[in-house]
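Notes for the one structure printed next.
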Amino acid sequence: MTTPAKADPERRRRLLGGAVCGWVAACAGLAVAELVSAAVRPEASPVTAVGGAVVDRTPAGVKEWAIREFGTADKLLLALGIILVLAVVAALAGMLAARHLPAGIALAGGFGLVGAAAALSRPEATWHDALPSLVGGLAASGVLYLLVGAFSTPRPVGAPPGGAWSMDRRGFGRLVGAALVASAGIGYAGRRLGAYGSAGATASRAELVLPEPTVPAPPVPPGAGLPVPGISPFITPNGDFYRVDTALVVPRVDADTWRLRIHGEGVPNPLEFGLRELLARPLVEHDITLCCVSNEVGGPYAGNARWLGVRLADLLREAGVRPPSQGGPADQLVARSVDGMTLGTPVETVMDGRDALLAVGMNGEPLPFAHGFPVRMVVPGLYGYVSACKWLTELRLTTFAAYDAYWVRRSWAQRGPVKTQSRIDTPRPWAEPREGRVAVAGVAWAQHRGIARVEVRVDAGPWQEARLGASDGKDTWRQWVWEWEAAPGPHTLEVRATDGTGAVQTGVRAGTVPDGATGWHSVPVRVRPGPGRKA
């Protein structure tokens, strides 16, 4: 008869062994799913599919918090969170299987069904997208069955002691090690096949030579970039340009197979073309500042770049589109990405004379994959969520009454004109400059209206006019600097801008939802006494 003292260690060994079996089975399932997703599409892998479904169903406030706190790292944290949940479920499945094998296997397979359902819920999903999760779930169930059977079968009579283990620990460790090595090999093969599948896209970008623009942008004016340490560069390098989107895996689109379709309501001459046909059209180069509606007051989600592309209004006119002001029936242009994301742009805005582009180049090179290669939309004066569709594959004319795009269905406004914003880049919050002359500097933007004035004040005192960098047009931000004679002690700096129409930036604080933040950026600092003076 087994005594309670002996039963407890034996129970713990059984549960720990079951958990190990569950974790190894989960590794095997993920590896097999990775291999299958290489043959389907990367977005169909279980972690990516579940992550995308979570993003789709996350309340806007939670998304805003994640973007604010973690920036582009929010996607990595989401993936790690999903893997952590999977590890917990896998351990539970293994421990359950050690006590009741069919129930544990059912739990392991059920998680594969969850992944398949998540994959099928994604935009542009087909039945093939369920295969990685389903096959991965079957693989995990099979490995769990084999591993649990290896240790939970009672020993034959006369076998060395070891409780419920059917092989010694060294033998079981070798079996677990072999399963992990096999999983690693399968996962590596899936990664390599996935990379091979995207090799065509990588090669197509590397081989792409952008034509010279028919209408080149003038050189950036001397003095647009102020020589102030700590200020944002006037042109944002591609590697530093902000990225805010829902893609857990950056789509890698082959430029040689890419196609764009323009169709819908009030389109008598639908268009469809590939990249070479697009590049054969007149190309326009234009400096445009983009910003995200998720950008809080003083936030980092704004950047300025030189874009190369085809005027979108020219393409729409070629398709026979008329804006609503000229009797056109469609007031919304719905852009669709290869990953199913939809953004709705006012047709009137696109066709009002501004340089709304189908961009193919960014700062003198083809678009980076993370920024929409091979083609994206860029519309000056609108927040990105209603205008800057990346990895573009379709443009459909419809009405705002008939269709709500992705973000509109999630509590954001239908139309998103950029609000006047200004930001203090230097000094940083809680900086401790020395007393005396301190350069207070930053950037201000009001795309398609321009910046006419920037003012700074200290401790809610009178507003002082800052010196502006040279203007590069009304669609880009402007740098500014104000020389402050700083006295020792704690102070609060504030900034506001006036746009090209004469409208002064409001000081009323509002959050980002539903159509962008408002308020003056403020920075607290503590000025240290100069040499020879006591603090």
task = Please work out if Gly299 is surrounded by fewer than 20 Cβ atoms within 10 Å (Cβ to Cβ) and within 25 Å of the chain's Cα centre (by Cα).
result = yes
ask   = Filtering segment 481-518 down to residues that are among the hydrophobic types (A, V, I, L, M, F, W, C), assigned to a loop (DSSP other than H, G, I, E, B) and surrounded by 15 or more Cβ atoms within 10 Å (Cβ to Cβ), which residue is modelled with the lowest pLDDT?
value = Val513
ask   = (1) closer than 29 Å to Arg354 by Cα; (2) touching a strand residue (DSSP E or B) at 6+ places or on another chain (Cβ under 9 Å); (3) of a type in the set (Ser, Thr, Tyr): which one isn't true of Thr492, the others all being true?
value = (1)
ask   = Say we look at segment 235-289 and pick out the residues that are among the aromatic types (Phe, Trp, Tyr) and under 30 Å from Leu77 (Cβ atoms); which of these is farthest from the chain's Cα centre (by Cα)?
value = Phe241
task = Give the residues of segment 217-229 that are within 23 Å of Val310 (Cα to Cα) and open to solvent by less than 50 Å² (accessible area, probe 1.4 Å), sorted by residue number.
result = Ala217
task = Look at Trp463 and say whether it is among the aromatic types (Phe, Trp, Tyr) and open to solvent by less than 10 Å² (accessible area, probe 1.4 Å).
result = no
ask   = Is it true that Arg317 is more than 24 Å from Ala255 (Cα to Cα), of a type in the set (D, E, K, R) and surrounded by fewer than 23 Cβ atoms within 10 Å (Cβ to Cβ)?
value = yes
remark   = Residues of segment 121-144 being touching a helix residue (DSSP H, G or I) at 6+ places or on another chain (Cβ under 6 Å), modelled with pLDDT of 85 or more and open to solvent by 20 Å² or more (accessible area, probe 1.4 Å), in sequence order, are Leu131, Leu134, Val135, Ala139, Val143
query = If we scan segment 230-253, do we find a residue that is without any contact (Cβ under 8 Å) to a residue 40 or more places away in the chain, open to solvent by 50 Å² or more (accessible area, probe 1.4 Å) and of a type in the set (D, E, K, R)?
reply = no
query = So which residues in segment 409-430 are aliphatic (A, V, I, L, M) and either in contact with a helix residue (DSSP H, G or I) (Cβ under 9 Å, 6 or more places away or on another chain) or open to solvent by 30 Å² or more (accessible area, probe 1.4 Å) (or both), if there are any at all?
reply = Ala413
query = In segment 380-399, what residues are more than 21 Å from Val253 (Cβ to Cβ), surrounded by fewer than 23 Cβ atoms within 10 Å (Cβ to Cβ) and out of contact with any Asp or Glu (no Cβ under 6 Å at 6 or more places or on another chain)?
reply = Gly381
request  = Test Leu78 against the criterion of being crowded, with 17+ Cβ neighbours inside 10 Å, part of a helix (DSSP H, G or I) and modelled with pLDDT under 85, and give yes or no.
outcome  = yes
request  = Mind telling me which of the residues Ala53, Ala44 ends up being buried (at least 18 other Cβ atoms within 10 Å of the Cβ), at pLDDT below 85 and in contact with an Asp or Glu (Cβ under 6 Å, 6 or more places away or on another chain)?
outcome  = Ala44
query = Can you name every residue in segment 454-469 that is assigned to a loop (DSSP other than H, G, I, E, B) and either more than 32 Å from the chain's Cα centre (by Cα) or under 15 Å from His286 (Cα atoms) (or both)?
reply = Asp459, Ala460, Gly461, Pro462, Trp463, Ala466
task = Six or more apart or on different chains, Cβ under 7 Å: which pairs go from a residue in segment 432-447 that's among the acidic types (Asp, Glu) and open to solvent by 10 Å² or more (accessible area, probe 1.4 Å) to one that's at pLDDT 95 or above and in a loop (DSSP other than H, G, I, E, B)? Could you list them?
result = Glu435/Ala487; Glu435/Pro488
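The values are calculated or read from the model by the stated rules, or taken from the named source; none is laboratory data. On a predicted model such as this, the values are computed, not experimentally measured, just so you know. Glycine also receives a Cβ, built like all others from the backbone with ideal geometry; neighbour counts cover every protein chain displayed. Heads up: the accessible areas ignore ligands, DNA and RNA and are worked out on the full protein's heavy atoms, side chains in. Shrake-Rupley method; radii C 1.70, N 1.55, O 1.52, S 1.80 Å.
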